[in-house]
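Below is one structure, written out as structure tokens; the observations come after it.
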Amino acid sequence: MIYLLGQILLGEAVSMERNVRELDSGPLIAKKARLPDLVKYQAGSVVSRTVIDKEAGTVTLFAFDERQGLSEHTAPYDALVQILDGEADVAIAGKAHRLKKGEMIIMPANRPHALKAVKRFKMMLIMIRA
């Protein structure tokens, strides 16, 4: 599934729970695909596409327009972020990390984290529920 996570005014970060609207989806099972091509940028928005959603975990792709982000929150599981395109600031427990295409970081469970686009960027989020 692909979701648009609301229009963001003045570059403010968006909470993942607000303004979610399904845009488009298509089955990916047993199909070859380039990850960055599976989610498109939308002006002034954050777009997500769920690739896998199982009891054991999720794989979700995101496209963030410039200056857009996700506000600080926690998750009950470790999460791996892989930058597919662009550049982002990832804050984990108050420490800032600048990530570029090809780089990844693990956000530990139950530690506050936030993301913001330095330049528009795409990422893959892998969360394993264990």
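Taken together, the values in this text are just the output of simple stated rules run on the coordinates, not laboratory data. What you see is a predicted model; the values in this text were computed from it and never measured. Cβ placement follows ideal geometry from the backbone for every residue including glycine, while neighbour counts extend to all protein chains displayed.
Remark: Arg98, Arg120, Arg49 ranked as Arg98, Arg120, Arg49, counting other beta-carbon atoms within 10 Å and listing the fewest first.
Within a Cβ distance under 12 Å of Arg111, other residues only, what is the Lys/Arg minus Asp/Glu net charge?
Numbers: positive: Lys95; negative: Glu72, Asp78.
Charge balance in the 12 Å sphere: -1.
For the listed residue pairs Lys32/Lys119; Lys95/Lys122; Lys100/Lys122; Lys31/Lys116; Lys40/Lys101, the alpha carbons are over 19 angstrom apart in Lys32/Lys119; Lys95/Lys122; Lys31/Lys116.
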